[in-house]
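Shown next, in structure tokens, is the structure this report addresses.
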Amino acid sequence: MPHLRDRPLSLVRAPDGIDGQLFFQKHEERAKVPAAEELPVELHPGHAALLVANNARAVVGLVQIGVIELHTWNAVSADLGHPDRMIFDLDPDPALEWSRMIEAPQLLKVVLDEFGLASFPKTSGDKGLHIVVPLTGGQDWENVKAFSKCVAKHMQRVVLSRFTAVSGPRNRVGKIFIDYLRNAKGATSVAAYSVRARPGMGVSMPVAWGELPSLRSAHEWTMQSALARQRRLGGDA
């Protein structure tokens, strides 16, 4: 719940299972979701009312309409004009060896450390890794996106053999795309602990920097093993 609270949602629904058709949804549309809240439309002018799920009953309601994945904004409803975090989505060429994915976030961390920015890794539950950078909320979307783009381009320039800041499968052959586009207003990324609508149904799992070398994949945790991990850790990671 702390990772969902007050954050507008994008949802991936799989009413016929993950092998059936998937539906991407940002608004209530036809079906009401019990306990989910609609934000006032004036908070995001020109768009339908955004959804938030601020309690367990709302999450259960989402599950009951077939929601598998929960994706969230980088801002909270109290101030949608200023992101309170920045995310770098490290999206690899599927053929890339996993050892390169272990090194990539550590190289990015060196750059972020130079700026005095704290950062936290999490698995995506699919192919890549996310690096989450908390912000003070004093910067607007344009500045945060521009900064993240500069960091991505710097990584591409310094380690061209490993990174690209340009999207598209052809541009990341043998490389990792540093997706800074997650930092645009209205963009979302998968929430921590969300299940993914992929074969195996991996979980997006927050991890400590010291755990990275032992990771075996970005979808290492399933629902069952994620619960076991959290019980072992004694709560939130």
Amide H within-cut-off set for Met86, under 5 Å, with H built and near neighbours excluded: Val133, Leu135
From the C-alpha gyration tensor of the chain, square roots of 5λ in Å: 28, 22, 17
Most fluctuating residue given options Asn54, Asn74, Asn183, as computed from a GNM of the chain linking Cα atoms under 10 Å: Asn54
Net charge over other residues, Cβ less than 12 angstrom from the Cβ of Lys149 (K, R count +1; D, E count -1): +1
Between the stretch 106-160 and the stretch 166-206, the Cα center-to-center distance that results, in Å: 13
Given the chain, longest segment not containing exposed loop GluC sites (Glu not before Pro) (DSSP; at most 12 other Cβ within 10 Å): 98-237
Sparse-neighbourhood loop sites, trypsin sites (Lys or Arg not before Pro) in the stretch 200-234 - DSSP loop, at most 11 other Cβ within 10 angstrom: Arg216
Cut-off 12 Å between beta-carbons: net charge of the residues surrounding Ser10, Lys and Arg +1, Asp and Glu -1: +3
Rounded tilt (10° steps) of 141-158 against the dominant C-alpha axis of the chain: 30
Cα convex hull of the stretch 1-116, projected area averaged across orientations, nm²: 10.0
Separation between Cα centres of the stretch 47-90 and the stretch 1-40, rounded to whole Å: 8
Total formal charge among the other residues, if their Cβ is under 11 angstrom from that of Trp221, Lys/Arg +1 and Asp/Glu -1: +3
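Let me have the relative contact order for the stretch 81-237, percent, based on Cα pairs under 8 Å that are six or more residues apart.
29
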C-alpha long axis of helix 98-114 to longest principal axis of the chain, angle in °: 90
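A short reminder: the numbers here are calculations on the coordinates, not readings from a lab. Note that the structure is predicted; figures quoted are calculated from it, not measured. Cβ coordinates were reconstructed from backbone atoms using ideal geometry, including for glycine residues, and neighbour counts include every protein chain displayed.
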